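Everything below concerns the one structure shown next.
The numbers here are math on the coordinates, done by the rules we state, and not lab data. Source: prediction; values computed, not measured. Positions of Cβ are backbone-derived with ideal geometry, glycine not excepted, and every protein chain shown enters the neighbour counts.
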4 protein chains.
Amino acid sequence: MTYSIAVSGASGYAGGEVLRLLAGHPEVEIGAVTAHSSAGEALGSLQPHLRPLAEKTILETTAENLAGHDVVFLALPHGASGEIAAQLPEDVLVIDAAADHRLESAAAWEAFYGSAHQGAWPYGLPELPGQREKLTGSRRIAVPGCYPATILLGLAPAFAAGLVEPTDVVVVAATGTSGAGKSLKPHLLGSEVMGGMSPYGVGGVHRHTPEIEQGLSTVAGTGVQISFTPTLAPMARGILATSTARLADGATASALREAYAARYDDEPFVHLLPEGQWPATKHVIGSNHVTVQLAVDERAGRLIVVSASDNLTKGTAGGAVQSMNLALGLDETLGLNLLGVSP
Amino acid sequence: MTYSIAVSGASGYAGGEVLRLLAGHPEVEIGAVTAHSSAGEALGSLQPHLRPLAEKTILETTAENLAGHDVVFLALPHGASGEIAAQLPEDVLVIDAAADHRLESAAAWEAFYGSAHQGAWPYGLPELPGQREKLTGSRRIAVPGCYPATILLGLAPAFAAGLVEPTDVVVVAATGTSGAGKSLKPHLLGSEVMGGMSPYGVGGVHRHTPEIEQGLSTVAGTGVQISFTPTLAPMARGILATSTARLADGATASALREAYAARYDDEPFVHLLPEGQWPATKHVIGSNHVTVQLAVDERAGRLIVVSASDNLTKGTAGGAVQSMNLALGLDETLGLNLLGVSP
Amino acid sequence: MTYSIAVSGASGYAGGEVLRLLAGHPEVEIGAVTAHSSAGEALGSLQPHLRPLAEKTILETTAENLAGHDVVFLALPHGASGEIAAQLPEDVLVIDAAADHRLESAAAWEAFYGSAHQGAWPYGLPELPGQREKLTGSRRIAVPGCYPATILLGLAPAFAAGLVEPTDVVVVAATGTSGAGKSLKPHLLGSEVMGGMSPYGVGGVHRHTPEIEQGLSTVAGTGVQISFTPTLAPMARGILATSTARLADGATASALREAYAARYDDEPFVHLLPEGQWPATKHVIGSNHVTVQLAVDERAGRLIVVSASDNLTKGTAGGAVQSMNLALGLDETLGLNLLGVSP
Amino acid sequence: MTYSIAVSGASGYAGGEVLRLLAGHPEVEIGAVTAHSSAGEALGSLQPHLRPLAEKTILETTAENLAGHDVVFLALPHGASGEIAAQLPEDVLVIDAAADHRLESAAAWEAFYGSAHQGAWPYGLPELPGQREKLTGSRRIAVPGCYPATILLGLAPAFAAGLVEPTDVVVVAATGTSGAGKSLKPHLLGSEVMGGMSPYGVGGVHRHTPEIEQGLSTVAGTGVQISFTPTLAPMARGILATSTARLADGATASALREAYAARYDDEPFVHLLPEGQWPATKHVIGSNHVTVQLAVDERAGRLIVVSASDNLTKGTAGGAVQSMNLALGLDETLGLNLLGVSP
């Protein structure tokens, strides 16, 4: 069977990446592509890399234009997806790349987003313990944020095994500029970005913070609090996350390594690298793969985990397609057998 | 039927790209991977992005280790492929990414390469007039250089239609650093490359010059001479070629546009962009696609054509796989349905 | 004596670079800094690198706010400088970084800019033959465009010596993104720029074309016509220009080299590199230096000249300060003894 | 008086940056420049950006060639400076950019460098409490490492004021590739670096770790232990350090801000930015300035400090020249009044 797909936000980076992946997916057909200010234009004028789709016309993003398809991808600004989803039949698979349905805690939502909580949907990170099952057959899926996906895959095995402490967790991550989307802001100009690094959202205020804490707390079975600092790096794609936590009593390097291996050895997209080899974002660019490596700093009593992803692929569109495959009962890896484009 | 493939030079950029593409090709199986100084190591330590092939052991590059496969890709330094090819059976498909068998003129070879001419093999650029037929069923193929592939696809239709003059052709092109391979030279260090541009091989001495002239002369049916200047740009991949030639008497913009459309409208990988849209290397990175656009400068009496490619894909490994498909009688696009990774 | 300076357009890249240079100039004092949408803000919030000037308040750009200083730098959009200059006393030195007063030909101005010609001011490129004298003591100066400055310094000696032909001149140049200023356009986003190259203004339509032709024609003593194609490179600063022209009868490599040496050996900022060494933009970034090298392609019968500059320094603000020094009778190099920041 | 200077390691990045700064220093004259494999060549062929010094001949690095000057800069590999310094008179000012004389603890030296400890020299970071006095008149100075300089300037005020805890200090920093010097290693090739980030020296093994701990412990008056993870960013220059520590009981954001302001308000090169403005490496590239900003994360109970520097300037050569000025009794800022080259 071929599934018909509608993609909103098709003029943006997330929507474009969904389309790039779906164009190579053997079981789907791209139906409607929608956007807002570019409605009426040919897709090829906005996403020139999507050559086979170049002549598709972009429709206005409305529930009407998205209806009548088996799967609807929402790659819209935060706050816009709830209303559209409510107008789509319950048996349509709706996959939301925005934050709207990621947080279970209304208090956390309101503290970080300042609007009314809309309830959580199944969280599209199948590599978390027990999560794959929750996605199978689901018809509403919240795609994780790009930082949370990368950081949770880096830290979850240690918390799941009880080998690190839930306080004084510190994460510093670097992202490529596509994480900020196509918004026209001065600090995102090439002249400003190339050749330099800068932080943003410092001091525990980045909106991905509660999402990371939610995932780690669920896995740990106890409340986990993190200090998270994101930085902007001079590259278009990629996240490199350095996550560090205090070792629990008795935690050893070998126990940690075993815990990660047990968790990831059978995963198709998450890889614990051989000892001595460290993740680099270049090796996963354009792919749905995430690489992970860890070290124990005996002097400081800390675990340091580094994880690398492509923020637009596993961090957004690839995770979305992987979740779609699970929800539809397809092979989880369909359309995602792309390797990193390196160098 | 599944074809067994051997890839030499597997530790380098060209070999790695051949493997990236073949890993997604439905009709092949990767047999031997060989290299020189890294023989004995796991492929994953040298090409960490090729995750499914990470545990393959690299063998020493010898005719013995490459024998016994249906197809052998040679991604070796110039001068090394002739000897190896001579030791492989004639019914093995040998695809050479080096320059050794590209030039038909012994004099041109000797002038630019300074060694004995080894004879030309069918030239792996099927989009040139009449060339597709020469590749079908062939068992020896010379992969074009990355500059010639990009520049020939840019200029050939104009010469084939007799709409430009064969003298005073001027080409200036920018390449990403992967075109220089993994050789450890000071000017290729990231510190030297990032943030700047520089020329090299200026004054008609770059070795791709006679190859470009050979292709244009064949198409034009008369000797074409070019001034070619390559430059090194701060990017890992991509070629942007600006090619300009004097208009022939009576040549018009519409005649030129028609000539290009006629040549490329049915090509799967070469695209004349809609008027007003210009090629950008980012839109084809990681893909086998080449984009082309042209303008007529009435004041200067010149055609200006810009073409963009990924030097490692259509410029090397993608062109090689496309040629392999033709030689084996397969669908020309197998394994090559990848879209550009953008942004 | 200390000269008081006013700088308009102080929030942009050109204005910021003028201020960076003047902050280290021993004979000036920065008076007013003006801009438009950021009037009222501290300069440090818009130009954080200008630390000693961080607390200066930006004024609105009006003739009143610019009056009362010895020198006024205009770094405004095209079309705005004439009106302001008309309101400033004739003995105030006005230096215009916009195009408004560069072209002598009203026809060329109207063809490329589509507005009424305002007349030409002395052209601020003292290295052109006879030009230094015209700037000394002048009170109105038009700063050359960044491409024209770089290309004229590359080609002028050959034309002045009559060693190249005035037709079939072809120039392809790459610029850093700061050449496009701080305007918020999608194609200037870091995500779009990094990792790729693209052309723009193809086909003889770039507005710097008549300015280059004007300079070359003056030097050659005959009309020179060029084909000029600009490209956008993934770097913040720098221009690399590849300029090529047909050799005149009897022109030799040694005659050309002598002509360039004679012209530049005593210049403080323009350097003919030793044979074998080629210009790279990295080596002049942040400095007022321009490097030049040439080669003769005997096969193609062409001279190829490569010249490199920092588009914001010698290409704009440095040339402006150099011209100011000449106009005021100061040592031409004051405030400009900065070396390239490399790597 | 004009001081005569000799610079060893003149072919490398640190040596080149020392020369770039000294070329604009009003009280010095560059005498000998020395290196190893490039001895006999013109400086201009190795450091093309140092135009006024281009014709100086590089001498072999020997004590003889360095002798006879008032000041000797050593920019040599670790382990080489002790022997040379021992052969220079005690009244010659020797400034060592290597690590050899930075660590006071023989145990720490041996643990991290694996060779015999050579004793500590006065540490060239005058902004640390009490440090300026130790440098004045000194004749042996150890230049701080680039990471320690940047991180100590970020964290020292908090520790000096007793406002943070000495355990669970976590630092993650990104550096430009010039920090690795000109060594020809595959992972430093432009093709590998551009477009990606990667970590190195993970797990508390980077050699700058004990140097940072030494500086913080001295300032805090108690032993401080850090977890330090360096990462390699796709830029040639710059360090962005994110440093975080647990708040001491009763520490408030305002107390912290006051402590930093008190420490830095009179410093010429270290700047606490206005609230809301965050450090970016681009704004200090090419300059001796360091920018610092801080935030308190109440939820996580942590101080987060971000500091930005140019690793080659304040992180190496600029700090060296600043220390030289102090040692010679000159104005501390001579030769260092350069602003960041931005964008």
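Shape class of the stretch C:122-164 from the alpha-carbon gyration tensor: oblate, with a/c at 1.5 or above and b/c at least as large as a/b.
With both labels modelled 7 Å from their Cα along Cα-to-Cβ, the residue C:134 to residue B:45 distance reads 6.6 nm.
With a/c under 1.5 counting as rounded, go ahead and sort the protein assembly as shown into rounded, prolate or oblate using the C-alpha gyration tensor (a ≥ b ≥ c being the square roots of the eigenvalues; past the cut-off, prolate if a/b is larger than b/c, else oblate). It would help to have the intermediate numbers written out before the result.
Details: a/c = 1.35, a/b = 1.00, b/c = 1.35.
Rounded, because the longest to shortest axis ratio a/c is under 1.5.
Express as a percent, rounded to the nearest 5, the fraction of DSSP beta bridges in chain A (both residues included) that run antiparallel.
Numbers: 25 of 52 bridges.
Antiparallel bridges: around 50 percent, rounded to the nearest 5.
Say a paramagnetic label sat at a point 7 Å from the Cα of residue A:277, along Cα to Cβ; which residues of the stretch A:128-156 have their backbone N under 20 Å from it? Label zone hits: A:153-155.
Computed over the stretch B:218-343, relative contact order equals 27 percent, with contacts defined as Cα pairs under 8 Å that lie 6+ residues apart.
So if we plug the beta-carbon distance of residue D:62 and residue D:185 into 1/(1 + (r/R0)^6) with R0 = 30 Å, what FRET efficiency do we get, rounded to 0.05? Spell out each step's value before the answer.
Numbers: r = 27 Å, r/R0 = 0.91.
Here the calculated transfer efficiency is 0.65.
If the limit is 29 Å between Cα atoms, which of C:314/D:56; C:56/C:134; C:182/D:182; B:185/D:282; B:182/C:282; C:182/C:314 go over it? From C:314/D:56; C:56/C:134; C:182/D:182; B:185/D:282; B:182/C:282; C:182/C:314, over 29 Å: C:56/C:134; C:182/D:182. As a length-normalised measure over Cα pairs under 8 Å and 6 or more apart, the relative contact order of the stretch C:1-156 settles at 18 percent.
Think of it as helices only: each DSSP H run of n ≥ 4 in the protein assembly as shown is worth -39500 (n - 2.57), and spread over all residues that comes to -7500 deg cm²/dmol at 222 nm.
Please compute, for peptide D:171-183, the average count of beta-carbon atoms on other protein chains lying within 10 Å of each residue's beta-carbon.
Numbers: counts 3, 14, 3, 7, 1, 9, 7, 7, 1, 3, 2, 5, 3.
For this peptide, the per-residue mean of nearby foreign Cβ atoms is 5.
The mean number of partner chain beta-carbon atoms within 10 angstrom of a residue's beta-carbon across peptide B:281-288 is 6. Rounded, prolate or oblate: which one fits the stretch D:132-234, using the alpha carbon gyration tensor with axes a ≥ b ≥ c (rounded when a/c is under 1.5, else prolate when a/b beats b/c, else oblate)? Oblate, since a/c reaches 1.5 and b/c is not below a/b.
Other protein chain C-beta atoms within 10 Å of residue C-beta, averaged over D:290-301: 5. DSSP beta bridges confined to the protein assembly as shown are antiparallel in about 50 percent of cases. Here the dipole of the protein assembly as shown is about 0 debye; that uses its Cα centre as origin and unit charges on the Cβ of Lys and Arg (positive) and Asp and Glu (negative).
In sequence order, the stretch D:227-232 has phi-based couplings of 9, 10, 10, x, 10, 9 Hz under the Karplus curve 6.51 cos²θ - 1.76 cosθ + 1.60, θ = phi - 60°, and Gly or Pro positions carry x.
For every other residue with a beta carbon closer than 14 angstrom to the beta carbon of residue B:337, add +1 if it is Lys or Arg and -1 if Asp or Glu, then tell me the sum. Walk me through the numbers on the way to the answer.
Values: positive: A:20, A:51, B:20, B:314; negative: B:27, B:331, B:332.
Overall, the nearby charge balance is +1.
Between amide H atoms placed 1.01 Å from N, distances below 5 Å from residue B:28 occur with B:3, all of them 5 or more places distant or on a separate chain.
Summing +1 for each Lys or Arg and -1 for each Asp or Glu among the other residues whose beta-carbon sits under 14 angstrom from that of residue A:119 gives -3. Residue D:220 sits among other residues whose Cβ lies under 11 Å from its own Cβ, and their net charge, with Lys and Arg +1 and Asp and Glu -1, is -2. With contacts taken as Cα pairs under 8 Å at a separation of at least 6 residues, chain A carries a relative contact order of 17 percent.
Give me the percent of Cα-Cα pairs in the stretch B:157-294 that sit more than 22 Å apart, rounded to a whole number. Can you show the working numbers first?
Numbers: 4402 of 9453 pairs.
For the stretch B:157-294, the fraction of Cα-Cα distances above 22 Å is 47 percent.
Extension gain for residue C:222-residue C:257 works out to 10.4 nm (0.36 nm per residue, less the C-alpha to C-alpha distance).
Label sites at residue B:91 and residue C:248, each approximated as a point 7 angstrom past Cα along Cα to Cβ, lie 6.7 nm apart.
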